[in-house]
Amino acid sequence: MNGVRLFSPATISNLSCGFDVLGLCLETIGDYMEITKSKKKGIYITSIIGEKVPYEVKKNVAGVSSEALIDSLNPDFGFEIKIDKKIKPGSGIGSSAASSVGAVVGINHLLGNPFKPEELIPYALEGEKLACGSEHADNVAPAILGGITLVRSTKPIDIIKLPIPKNLKAVIIHPKIEIKTADARKVLDKSIPLEKASQYWANLGAFVSSLYENNYELMKKSIVDNIIEPKRSQLIPMFDSLKQIANDNDSIGCGISGSGPSVFSLANGLKTAKIINNSFKKIYEETGIPFETYVSDINKSGVKILSAF
Ligand code: ADP
């Protein structure tokens, strides 16, 4: 085997009640990558199409995470990486995680899978460190493992895969303005009052329970963010209107995806998801701000190897 072509999915992190720990893997949005063995040792990024990201290996998250991986395995050949970047960087749907994860999963595959998917997370996190200055696995974990994940700990890595309720769909609106994760972190308070914190973790516990119970009513009550959203929503035009219209159309919770500007809504069934999607479009068409919307299933398996050659 000389090369692989793969699909590396976009992800929704935080999900309102799980800041830095919850993430959900999307089916219909993601990057494509091709990774081939090269005679020369090292990592080479030879093609980037779609969105603009750096060619320099040390500045591209795919390069940084692949280097970390080959440093630990030391194969006597190298790898060429081609990226078809469909997820805009800074969109809030895990653009950097998709590249980091795709790179390490592809190289691991070409080496005969010495690592289990979960064991690749620390390497992919090297890329996240480059993108936003901190090692959060809330996008990386669902992109590698699929489904809905809870990051219990990053040191050591401990990820819990949560059940996916029947008929759960995700709707995303991506206003085409850039909010850097690092900047979106700066608007947050450094400390939070205990009462607010206890309400927040009560919601997270209830959300996890709702997934196990397939309980949409409880899920709806628990997708609440009393800490991050009040600060970050100010950076997103029409956020309150999006939330209101999602709620009016039977959303199972609407909030900021990752650090924004994308906004997500969960829905019970495709029909409701499409109605919410159309209502999001109507709101944004009036703003003149360019945007994209997506309706997606939950991706149960994460990165997909499409072909090996
Ligand atoms: P997102 O939440 O969408 O991943 P971030 O703000 O966390 O966005 O990360 C994007 C940052 O990472 C940008 O500064 C971008 O230039 C940088 N970056 C480097 N390599 C890549 C890559 N392969 N894919 C996406 N972003 C990358």
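The values are calculated or read from the model by the stated rules, or taken from the named source; none is laboratory data. Fair warning: this is a prediction, and the values are worked out from it, not measured in the lab. No Cβ is skipped: glycine too gets one built from the backbone with ideal geometry, and neighbour counts run over all protein chains shown. SASA here: full protein model, heavy atoms, side chains in, ligands and nucleic acids out. Shrake-Rupley method; radii C 1.70, N 1.55, O 1.52, S 1.80 Å.
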### Message
Over 5 Å intervals from 0, what percent of Cα-Cα pairs in segment 244-309 sits in each interval?
### Response
3, 14, 23, 23, 15, 8, 6, 4, 2, 1
## Note on the structure
Of the accessible area of segment 80-200, computed with a 1.4 Å probe and all protein chains kept, carbon and sulfur make up a percent value of 52
### Task
Using a cut-off of under 16 Å, list every residue of segment 64-102 whose amide N is near the label point 7 Å from the Cα of Lys52 along the Cα-to-beta-carbon line.
85-91
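Over 16 Å, how big is the tail of the calculated P(r) for segment 1-61, in percent of all Cα pairs?
Values: 1145 of 1830 pairs.
Result: 63 percent of Cα pairs exceed 16 Å.
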### Summary
Toy charge model, Lys and Arg Cβ at +1, Asp and Glu Cβ at -1: the chain dipole around Cα centroid in debye, rounded to 20, equals 360
### Query
Using the alpha-carbon atoms, what tilt in degrees (0 to 90, nearest 10) does helix 239-248 show relative to the longest principal axis of the chain?
70
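Roll a 1.4 angstrom probe over the protein heavy atoms and tell me the percent of accessible area of segment 224-309 that is carbon or sulfur.
Of the solvent-accessible surface of segment 224-309, carbon and sulfur hold 51 percent.
On a 23 Å Cα-Cα criterion, which of the cross-link pairs Lys161/Lys221; Lys180/Lys231; Lys88/Lys221; Lys82/Lys155; Lys243/Lys300 come out too long?
Beyond 23 Å between Cα atoms: Lys88/Lys221; Lys82/Lys155; Lys243/Lys300.
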### Message
Connecting C-alpha atoms closer than 10 Å in a GNM of the chain, tell me which of Cys132, Cys254, Cys17 has the biggest fluctuation.
### Response
Cys132
### Message
Can you find, among Ile12, Thr36, Gly23, the residue sitting farthest towards the positive end of the charge dipole of segment 1-42, where Lys and Arg contribute +1 and Asp and Glu -1 at Cβ?
### Response
Thr36
### Antiparallel DSSP beta bridges within the chain, as percent of all bridges there, nearest 5
85
### Query
Given R₀ = 35 Å, FRET efficiency for Lys166-Gln199 by Cβ-Cβ distance, to 0.05?
0.75
### Share of Cα-Cα pairs in the chain lying beyond 23 Å, as whole percent
53
### Task
Counting only heavy atoms of the protein chains, get the accessible area per residue of segment 219-309 (1.4 Å probe) and round it to a whole Å² value.
45
#### Entry: Separation between Cα centres of segment 134-161 and segment 162-231, rounded to whole Å
15
### Query
For the chain, what is the mean residue ellipticity at 222 nm derived from helices alone (per DSSP H run of n ≥ 4: -39500 (n - 2.57); sum divided by total residues; nearest 500 deg cm²/dmol)?
-11000 deg cm²/dmol
### Query
Going by alpha carbons, how many degrees (0 to 90, nearest 10) lie between the helix axis of 194-213 and the longest principal axis of the chain?
70
#### Entry: Cβ-Cβ FRET estimate between Lys37 and Glu119, R0 fixed at 25 Å, reported to 0.05
0.75
### Message
If I ignore ligands, DNA and RNA and count only protein heavy atoms, how much of Arg152 is accessible to a 1.4 Å probe, in Å² to the nearest 10?
### Response
150
### Query
Normalized C-alpha radius of gyration of segment 91-182, against 2.2 N^0.38 Å?
1.14
### Query
Which of these, Ser13, Ser210, Ser91, has the largest mean-square fluctuation under a Gaussian network model of the chain (Cα springs below 10 Å)?
Ser210
### Query
Which of Ser257, Ser47, Ser198 moves the most in a Gaussian network model of the chain with Cα springs under 10 Å?
Ser198
#### Entry: Farthest toward positive dipole pole in the chain [+1 Lys/Arg, -1 Asp/Glu at C-beta], among Asn277, Val57, Asn214
Val57
### Task
Kindly rank 188-197, 233-242, 48-57 from highest to lowest mean number of other beta carbons found within 10 Å of each residue.
233-242, 48-57, 188-197
